[in-house]
């Protein structure tokens, strides 16, 4: 792909994207941003799962989720259940560089499109498969999703309050992580192919990407003999190393508005107290030392919130920062997209040219690094199912109009 006459890092690379939900689409989104021609292949009638899933709209917009993960891609509909659809997929594989999917193991094999089947069509094809447990081992036939992989890797246990069940992550963190690894796998496989002329099968087990994030706990056990157990951890958002008080998130004016505050030293405590106007509770001699503040941390948190609750997030943040205290507002997604000055200054949040169904703007984040990539004004919205069928089948494969019309009537496209 060339933009404004300039080739991008993945210009000329074509990716057949059979991924769905989060982990796979996260990977292919990065490839599309870097200039690859990503063709999102979906079942004609069903389409991507997140198009049709029902959520509480106050919690999660599935349409927004699909827009977020599938920008800059082309959309082609194809029914792979019959011989005609499989033959069309063979033709697409023959003119592509990468096939990537995040199905459970054996799905592609049942269709005849495991690595052996794909290389019979295109000897230099790169095939990246991202099942939860990979293509070997005793759990190969199990299905999974991000939250279950988080639990199996130990991450769910790591989050939570002492004496209470594990809280885990509020969102599917492992899906994102696996997606980043998937994109990296494609890049290294392209590098290998460019050097050797040979394709590659990448068996990416999403569970292992989760385990790789637990290295600090393994190191602590190996070096210090300590086991990680939540009951020994401080409550809530309190800091263990270094110890600090007050340290946490505190309610502010407004509906579900919070600010994070960290006071790390006795000198900072004096500035903190002065910034609050030296209230009576802050003059308690027990609070002048870190040891004393740690002993009275529950009471201290309640007192701090009596002040923050009468101010907006922005007021608390600016007052404390002006006095050299670490403080920052806890942003919700809308605040992050519309108000964060750092992201605004760097142009990280991109407003797409097409509005959502309710008329609100479609926003996506851009790449988190400054490399040659699609400029923001060239971003394309996520495609509707089959939006680019004409290009994929008529132009790319050279199919005749009569054949395309016949396949449409048969439900293959």
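Structural remarks
- The number of residues in segment 257-280 being part of a helix (DSSP H, G or I) and either in contact (Cβ under 8 Å) with a residue 40 or more places away in the chain or surrounded by fewer than 16 Cβ atoms within 10 Å (Cβ to Cβ) (or both) comes to 9.
- Restricting attention to segment 281-298, the residues that are free of Cβ contacts under 8 Å to residues at least 12 places away in the same chain and within 13 Å of residue 248 (Cα to Cα) total 1.
- Of the set (1) buried (at least 18 other Cβ atoms within 10 Å of the Cβ); (2) in contact with a strand residue (DSSP E or B) (Cβ under 8 Å, 6 or more places away or on another chain), all apply to residue 321 but (1).
- Which numbered condition residue 145 misses (of (1) under 30 Å from residue 361 (Cβ atoms); (2) at pLDDT below 95; (3) touching a strand residue (DSSP E or B) at 6+ places or on another chain (Cβ under 8 Å)): (3)
This table checks each residue for (1) in contact (Cβ under 8 Å) with a residue 12 or more places away in the chain; (2) within 30 Å of residue 276 (Cβ to Cβ); (3) surrounded by 16 or more Cβ atoms within 10 Å (Cβ to Cβ); (4) assigned by TED's automatic domain parsing to the domain that holds residue 44.
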{"residue": "308", "(1), (2), (3), (4)": "yes, yes, yes, no"}
{"residue": "312", "(1), (2), (3), (4)": "yes, yes, no, no"}
{"residue": "327", "(1), (2), (3), (4)": "yes, yes, yes, no"}
{"residue": "331", "(1), (2), (3), (4)": "no, yes, yes, no"}
{"residue": "368", "(1), (2), (3), (4)": "yes, no, no, yes"}
{"residue": "374", "(1), (2), (3), (4)": "yes, no, yes, yes"}
{"residue": "381", "(1), (2), (3), (4)": "yes, no, yes, yes"}
{"residue": "385", "(1), (2), (3), (4)": "yes, no, yes, yes"}
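- Meets criteria (modelled with pLDDT of 90 or more and loosely packed, with under 12 Cβ neighbours inside 10 Å) for residue 196: yes
- Of all residues in segment 126-141 being part of a loop (DSSP other than H, G, I, E, B) and within 23 Å of the chain's Cα centre (by Cα), the one that is farthest from residue 169 (Cα to Cα): 134
- Subset tally (residues that are exposed (fewer than 15 other Cβ atoms within 10 Å of the Cβ) and within 30 Å of residue 196 (Cβ to Cβ)) for segment 118-167: 5
- Screening residue 364 on (1) assigned to a strand (DSSP E or B); (2) at pLDDT 95 or above shows it passes everything except condition (2).
- Test: residue in segment 201-211 that is out of contact with any helix residue (DSSP H, G or I) (no Cβ under 6 Å at 6 or more places or on another chain), surrounded by fewer than 17 Cβ atoms within 10 Å (Cβ to Cβ) and free of Cβ contacts under 8 Å to residues at least 60 places away in the same chain: no
- Verdict on residue 180 being in the same structural domain as residue 15 (by TED's automatic domain parsing), assigned to a helix (DSSP H, G or I) and touching a residue at least 60 places away in the same chain (Cβ under 8 Å): yes
- Selection status of residue 244, in a loop (DSSP other than H, G, I, E, B), under 22 Å from residue 324 (Cα atoms) and touching a strand residue (DSSP E or B) at 6+ places or on another chain (Cβ under 8 Å): yes
- Condition met for residue 160 (over 17 Å from the mean Cα position of the chain (by Cα) and modelled with pLDDT under 90): yes
- Some residue of segment 102-125 being in a strand (DSSP E or B) and either without any contact (Cβ under 8 Å) to a residue 24 or more places away in the chain or closer than 17 Å to residue 40 by Cα (or both): no
- When residues of segment 296-317 are limited to those that are touching a helix residue (DSSP H, G or I) at 6+ places or on another chain (Cβ under 7 Å) and in a helix (DSSP H, G or I), the one nearest to residue 336 (Cα to Cα): 316
The values are calculated or read from the model by the stated rules, or taken from the named source; none is laboratory data. On a predicted model such as this, the values are computed, not experimentally measured, just so you know. Positions of Cβ are backbone-derived with ideal geometry, glycine not excepted, and every protein chain shown enters the neighbour counts.
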